[in-house]
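See structure below.
The values are calculated or read from the model by the stated rules, or taken from the named source; none is laboratory data. Keep in mind the model is a prediction, meaning the values are calculated, not measured. Using ideal geometry, Cβ is built from the backbone for each residue, glycine included, and neighbour counts are taken over all protein chains shown. These area figures cover heavy atoms from the full protein model, side chains too; ligands, DNA and RNA do not enter into them. Shrake-Rupley method; radii C 1.70, N 1.55, O 1.52, S 1.80 Å.
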Amino acid sequence: MERTAGVLQLKAAATDLALGGKRRRLISLQNIENELSAHELVAWQTVIRVMAHEVMNSLTPVTSLAATAEGLIAQVAGNLPEGDPNLPALADAGEALETLAKRSEGLLHFVQNHRRITKRMVAKVERVRIERVFARLGRLLAADLATRSIVLSIVVEPPSLEIEADAELLDQALINLVRNAIEALRDAPDGRIALSAARDLDGRIVIAVADNGPGIAPEQREKVFVPFFTTKRQGSGVGLTLARQIATLHGGMVAITETRGGGATVSLRF
């Protein structure tokens, strides 16, 4: 089923019954989007956990051996007389091992950093005033926004709007979404990001992060939730995955739509 915010995942069930002497068929529809998102996240977490374990098991000895070999070559080269014909070759070998060690160490840090999406989250739910969350976010990212000359606007309707959520996890989700928007506006001369919160027609709280960047193509809007998939030059491909994980933990969902006038809007519906 299509909707403005994307595809709606429904489960259909039919029951035949007799009513007033006539046979009727009762069809019920159940929204199973949250359940599917939760199962998808668990599947990705399992895959990433196994891959991270195997990669770290292989990279750790490689990093250690490369550093040890580099040290041995430096020691041998230091004992040779100046002008020895073997020195250039040893220097090249030492540089190659140094590059290998640094790259292996960088990959280790990459894996360790991204293992966070495999950790089980536990929400400590409390009543949170959204206006304060937005104000805190604005202060935290003020320097990044100023550096890029990006204008941040905040609208909460009503201003007293509150949500039952884990404040720290909500902060984490929104930080990732705003940083994604900042990155999307890297080449924009008049970058704007709008943070908004309100209730929709169903009474659900919707928190949205909208930018006026290049937007996300419709065919990529589901792919961006796949861990490590990114459309940005400097992206890690984890921000939206974490945001979806946090929303699902709160019984919510994430949707990506086009910002009116161009750009992308990411909405958290609770």
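Which condition does ILE32 not pass, out of (1) at pLDDT 70 or above; (2) within 30 Å of THR259 (Cβ to Cβ), if it passes all the others?
Here ILE32 meets the rest and fails (1).
I need the full set of residues from segment 168-181 which are open to solvent by 10 Å² or more (accessible area, probe 1.4 Å), farther than 13 Å from ALA247 by Cα and in contact (Cβ under 8 Å) with a residue 40 or more places away in the chain, in order please.
Selection gives ARG179, ASN180.
Just to be sure, is GLY94 farther than 22 Å from ARG244 by Cα, surrounded by 13 or more Cβ atoms within 10 Å (Cβ to Cβ) and modelled with pLDDT of 80 or more?
yes
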